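Student: Pasting a structure here, questions to come.
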Amino acid sequence: MPRYLLHHHHEPDNCGVAFAAFRGHDSSLRHRTTISSCPSAGHSIWWTVEADSEQSALALLPFYVAQRTTVTCVEEIEIP
């Protein structure tokens, strides 16, 4: 199954909105650890997900978050 890197960015004033958007959104990403630059004032969040398509990957996110997210198909590689 394809793997995607989801990169969400929001304005500093919208951290609460981004996190609150997950309430009521049924997603396997809820209650799961990921990485974020919000604590260091970067206001981005990244997820690595497996999904059938870019649209399926974005569907894991609530609308507000998905609208501000880029999707990149990625694969693991070994660095020589």
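Student: Here is a list: D13, D26. Which entry is acidic (D, E) and not in a helix (DSSP H, G or I)?
Tutor: D26
Student: So in the range 1-34, with the set limited to residues that are open to solvent by 60 Å² or more (accessible area, probe 1.4 Å) and polar (S, T, N, Q), which one is farthest from E76 (Cα to Cα)?
Tutor: S28
Student: Across the range 35-61, what is the number of residues that are assigned to a loop (DSSP other than H, G, I, E, B) and either under 16 Å from A21 (Cα atoms) or open to solvent by 70 Å² or more (accessible area, probe 1.4 Å) (or both)?
Tutor: Total satisfying the criteria: 6.
Student: Six or more apart or on different chains, Cβ under 8 Å: which pairs go from a residue in the range 11-28 that's closer than 21 Å to A41 by Cβ and touching a residue at least 12 places away in the same chain (Cβ under 8 Å) to one that's open to solvent by less than 80 Å² (accessible area, probe 1.4 Å) and part of a helix (DSSP H, G or I)? Could you list them?
Tutor: Going by the 8 Å Cβ cut-off, the qualifying pairs are C15/C38; V17/Y64; A18/Y64; A18/V65; A21/Y64; A21/V65.
Student: Condition first: assigned to a strand (DSSP E or B) and open to solvent by 70 Å² or more (accessible area, probe 1.4 Å). Now tell me which residues in the range 62-71 satisfy that.
Tutor: T70, the sole residue that qualifies.
The values are calculated or read from the model by the stated rules, or taken from the named source; none is laboratory data. In this text, all values refer to a predicted model and were calculated from it rather than measured experimentally. Cβ coordinates were reconstructed from backbone atoms using ideal geometry, including for glycine residues, and neighbour counts include every protein chain displayed. All accessible areas refer to the heavy atoms of the entire protein, side chains included, with ligands and DNA or RNA removed. Shrake-Rupley method; radii C 1.70, N 1.55, O 1.52, S 1.80 Å.
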